[in-house]
Amino acid sequence: MFRSYFKIGFRSLIKNKVYTFINVAGLSIGIACFILIAIYVRHETGYDTEFANASKIYRINTHVDVNGISNHYPAAHYPAAFDMVDDYPEVVNATTLYRAFYLSNVLPKIRYGDEVFEEEKFYLADSSFFSVFNFEFKYGTPEHAFDNSYSVVLTEETARKYFGDENPMGKMIQFQDTTAFKVTGVLKPHGKTHLDFDFLAHSKLMLNQLIGFRVDHAYLGLWYYSYVVLREGSSPAALVSKLPAFVRKYYPPRYTENNARLTIQNIRDIHLYSDFTVADMSVNGNIGYVYTLGSIAVLVLLIACVNFMNLSIARYSNRGKEVGVRKVMGAEKQNLVMQFLGESILVALIAGVFSILLVLLAVPVFNDLAGVQLGAIELLNAPTLAAAVAIMVGTGTLAGLYPAFVMAAFQPVRVLKGLHKSVGSKVNLRKVLVVGQFAVSLILLMGTLVISEQLGFMRNKSMGFDKEQIVTIPVGRVSTMRRDYPTFKNKLSALSSVKSVTTISHDIGQEALPYFPMKVEGMQDEQMLPIMYVGYDFLETFGISMSRGRFFNIQNPSDSTLAFVINESAAKGLNWGEPIGRKISFGVGGNENSEVIGVVNDFNFDPLRTKVGPLVIAFSPAQGNIAVKTNAGSYQQSIADITDAWTAMFPEVPFAHTLLNDALDKTYETEERLADVFTYFCALAIFVACLGLFALASFSAEQRLKEIGVRKVLGASETGLVLLLYKEFIILIVVAFVIASPLAYYFFDRWLDSFAYRIDIGPLTFLIAMAAIAAIAFITIGYQSINAARTNPVKVLRAE
């Protein structure tokens, strides 16, 4: 029996090649989207799940409000985690990580023999680290890796980089050519984790030297990734309820006065639920991104299933006599349901095979779009393939149930007379489904337009400083830069292609600045304020103007040590009507004679996601980056000249540079990716929806052939008939537009609220989306409408 069903189904598919192709194409795209995004979701939700105590390990995060601006840090003060162990019985273990030279762009220099590398991922860890995180060791043991100070554990990849395939245990590496570390362990590759390091070194003395003071009891500096382990059965909420009292007990007034608070975050949530003012230990994902892609996957698959239903009904309506004959010959309803359902599953399985091929082809493109690294191995494994087959069968069953039961319910007398083709309520259901398809497509298209417009707005918005023709050069790799900077600056300034040269400590407009405790005149407690270090020619290079007072001047030697410049927002936030001459100094190691000498106009020193806040600017001869303002139209020559000057002075350090304009664009890479994802999946959703529209147009034209024949006999023109058929579908698109517009406005207006500077969604966005969908629909149904209008009335009315 099943063999007979298979033969009949296969012959039907071969006989109706166009419908089969459309069905397979639509389902292939829908299933491929679903499988691909399902793999992505599984990948993103799988971080930090392989640690034995993952459910009990929590990171401490710090939140501080400064002058109305909320700052969120994935870190805490060094002693916080260990004081929690002492104060709270539910906390049984703790550890911290500190990235070497956290507050600068300096990269640690690691030497082994004649090999020297600059390493970005060199971390100092406590002796308790491997009792919290159970990494597996290739060489050494977690119990003894940090028995002694000046020990270092390497990842397997790092060990191979320095030592090849030999066992590196006991080997010595040099840190900054000043400190020797002994290799005491090599880690095996671990699963996905936010702990992104190459070196884990242990030395409390080294940590104190890098920070500049003893860290054991110092609640100063949010520079430490801090983790606690809760006792089995303990409630995280109970610990959270005690943290306000913990802050009041240990934290200095500069934090408590600024509404400082601590939260804890399970390590399994770090990758997807982290949105911090400063960079995290590794590049995180975004749970909103996961939800968005997951929703798109489900919607595209549902659209494909609806298309399958519509196409099946349109095709099966021509098989009504076959159903009637089978029923007259004794076929039961369940037999017909099984036959049509079997055909549906057969199509889904064929589509599934093609969908897997599409996934394999699409993985590289998707990796670029989503910023992940999915591999074929994540698809070609037994669990994934089993899930894929289940999706295929489920999709075939879901898409085939409705048409199977509709066809099986045909009455023999009616179908043999052709009365089953009369328009009824079933057509209205299919119209509802098409409206839903186009509503989804319109929402995606509107979202694509809104995101693209917001990105264009951010690219073109004035940030208060000049970002064109500026080349930034990182200088942290040159240990003698402070000494050599004046000479190097003079060399650059002498170039005809160079307009001005300065230094700046951070990547302006791209990253959040660090906050430091400052003693401020008129306020009893220290204030947490962001600090930027710059050179004398900062204003000229970046085109920033003074509001009042003056800037740092080389003719005033005290400016380099006893002067600060603030922005307008800082003057307002500190309630200084006249800020010039006001005393301000660092809370630690500051000179109480330091004062404000000038106020600059506000500019966006942080990304445009946040509004301009208070800023303190200090002088530094050479820190972070050198910024070079070049003359317009001389970019290639400027880079060549700067490269030659760099190579002449620092031949051992390769020249590296970035165009500020390009770097600022990369700041919004997440939004760029979201726009690309919406664009691609919007195109797929519209394409699949058009298949559904084609199905409904085909069905409608077939149902109305006799009506069209009568109208032609009565004198109707072909143009009039085409417009008559178009009218039906234009109404559906208008209904979809009415449904989609408020939903799109609600969702994307909320997304825009995450930006401090944003566009307003206007009616033009919706009208463009409507016009685009209408044009696509016009093309899609044109073939069917014109064919129907050209039908010879004699052929369709001769039996009447």
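Values computed for the structure shown
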item	result
Answer from 640, 697, 685, 645 - the residue that is assigned to a helix (DSSP H, G or I), buried (at least 17 other Cβ atoms within 10 Å of the Cβ) and under 38 Å from the mean Cα position of the chain (by Cα)	685
Residue check for residue 521: surrounded by fewer than 19 Cβ atoms within 10 Å (Cβ to Cβ), within 26 Å of residue 663 (Cα to Cα), touching a residue at least 40 places away in the same chain (Cβ under 8 Å) and in contact with a strand residue (DSSP E or B) (Cβ under 8 Å, 6 or more places away or on another chain)	no
Failed condition for residue 760, given (1) of a type in the set (Asp, Glu); (2) farther than 24 Å from residue 781 by Cβ; (3) surrounded by 15 or more Cβ atoms within 10 Å (Cβ to Cβ)	(3)
Given (1) open to solvent by 60 Å² or more (accessible area, probe 1.4 Å); (2) part of a helix (DSSP H, G or I); (3) touching a residue at least 40 places away in the same chain (Cβ under 8 Å); (4) not hydrophobic (A, V, I, L, M, F, W, C), index of the condition residue 765 fails	(1)
Single residue of the stretch 446-463 satisfying the filter (open to solvent by 30 Å² or more (accessible area, probe 1.4 Å) and in contact (Cβ under 8 Å) with a residue 60 or more places away in the chain) that is nearest to the chain's Cα centre (by Cα)	452
Considering residues of the stretch 180-190 that are surrounded by 15 or more Cβ atoms within 10 Å (Cβ to Cβ) and touching a helix residue (DSSP H, G or I) at 6+ places or on another chain (Cβ under 7 Å) only, the residue nearest to residue 51 (Cα to Cα)	187
Residue selected from the stretch 575-617 under the condition crowded, with 18+ Cβ neighbours inside 10 Å and among the polar types (S, T, N, Q), by the criterion modelled with the lowest pLDDT	585
The stretch 257-294: number of residues that are hydroxyl-bearing (Ser, Thr, Tyr), more than 28 Å from residue 197 (Cβ to Cβ) and crowded, with 17+ Cβ neighbours inside 10 Å	1
Every pair of residues 6+ apart whose Cβ atoms lie under 6 Å, when the first sits in the stretch 700-723 and is open to solvent by less than 70 Å² (accessible area, probe 1.4 Å) while the second is among the hydrophobic types (A, V, I, L, M, F, W, C) and not in a helix (DSSP H, G or I)	703/423
Single unsatisfied condition, residue 715 versus (1) at pLDDT below 90; (2) part of a helix (DSSP H, G or I); (3) not acidic (Asp, Glu)	(2)
Top-ranked residue in the stretch 522-558 [being at pLDDT 90 or above and among the charged types (D, E, K, R); ranked as farthest from residue 595 (Cα to Cα)]	540
Selection within the stretch 97-123 - over 27 Å from the mean Cα position of the chain (by Cα), touching a residue at least 60 places away in the same chain (Cβ under 8 Å) and part of a strand (DSSP E or B)	109, 110, 111, 112, 118
Extreme residue, surrounded by the fewest Cβ atoms within 10 Å (Cβ to Cβ), among residues of the stretch 464-477 that are of a type in the set (D, E, K, R) and over 27 Å from residue 107 (Cβ atoms)	468
Boolean, residue 221 is under 29 Å from residue 255 (Cβ atoms) and part of a loop (DSSP other than H, G, I, E, B)	yes
Filter result (closer than 13 Å to residue 701 by Cα and in a helix (DSSP H, G or I)) within the stretch 773-792	781, 782, 783, 784, 785, 786, 787, 788, 789
Top-ranked residue in the stretch 733-755 [being of a type in the set (A, V, I, L, M) and open to solvent by less than 20 Å² (accessible area, probe 1.4 Å); ranked as farthest from residue 291 (Cα to Cα)]	733
Selection within the stretch 136-147 - open to solvent by 30 Å² or more (accessible area, probe 1.4 Å) and in contact with a His (Cβ under 8 Å, 6 or more places away or on another chain)	136
Pairs, first under 18 Å from residue 296 (Cα atoms) in the stretch 358-370, second surrounded by 14 or more Cβ atoms within 10 Å (Cβ to Cβ) and among the hydroxyl-bearing types (Ser, Thr, Tyr), C-beta under 7 Å, six or more apart	358/28; 369/680; 370/40
Any chance residue 626 is at pLDDT 85 or above, surrounded by 17 or more Cβ atoms within 10 Å (Cβ to Cβ), in contact with a Phe, Trp or Tyr (Cβ under 8 Å, 6 or more places away or on another chain) and more than 30 Å from residue 304 (Cβ to Cβ)	yes
Any pair with Cβ under 8 angstrom, 6 or more apart, that starts in the stretch 372-383 at a residue that is in a loop (DSSP other than H, G, I, E, B) and ends at one that is open to solvent by 50 Å² or more (accessible area, probe 1.4 Å) and at pLDDT 70 or above	379/360; 379/385
Search result, residues across the stretch 549-568 that are touching a residue at least 40 places away in the same chain (Cβ under 8 Å) and either crowded, with 18+ Cβ neighbours inside 10 Å or part of a strand (DSSP E or B) (or both)	549, 551, 552, 559, 563, 564, 565, 566, 567
Those residues of the stretch 517-547 which are of a type in the set (A, V, I, L, M) and more than 30 Å from residue 220 (Cβ to Cβ), in sequence order	539, 544, 546
Residue, nearest to the chain's Cα centre (by Cα), within the stretch 652-675, restricted to residues that are open to solvent by 20 Å² or more (accessible area, probe 1.4 Å) and hydroxyl-bearing (Ser, Thr, Tyr)	670
Unique match (being among the small types (Gly, Ala, Ser), open to solvent by less than 20 Å² (accessible area, probe 1.4 Å) and modelled with pLDDT under 80) among 9, 30, 46	9
Qualifying residues in the stretch 750-762 (those that are part of a loop (DSSP other than H, G, I, E, B) and of a type in the set (A, V, I, L, M, F, W, C)) - the one farthest from the chain's Cα centre (by Cα)	761
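Here is a yes/no grid of residues against (1) more than 39 Å from the chain's Cα centre (by Cα); (2) open to solvent by less than 50 Å² (accessible area, probe 1.4 Å):
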residue	(1), (2)
479	no, no
496	yes, no
504	no, yes
508	no, yes
512	no, yes
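Condition check ((1) open to solvent by 10 Å² or more (accessible area, probe 1.4 Å); (2) modelled with pLDDT under 65) across all residues:
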{"position": "296", "(1), (2)": "no, no"}
{"position": "306", "(1), (2)": "yes, no"}
{"position": "314", "(1), (2)": "no, yes"}
{"position": "318", "(1), (2)": "yes, yes"}
{"position": "333", "(1), (2)": "yes, no"}
{"position": "336", "(1), (2)": "no, no"}
{"position": "340", "(1), (2)": "no, no"}
{"position": "351", "(1), (2)": "no, no"}
{"position": "362", "(1), (2)": "yes, no"}
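The values are calculated or read from the model by the stated rules, or taken from the named source; none is laboratory data. Just so it is clear, the structure is predicted and the values come from calculations on it, not from any experiment. Neighbour counts run over all protein chains shown; Cβ positions are idealised from the backbone, glycine included. Heavy atoms of the whole protein, side chains included, go into the accessibility calculation; ligands, DNA and RNA do not. Shrake-Rupley method; radii C 1.70, N 1.55, O 1.52, S 1.80 Å.
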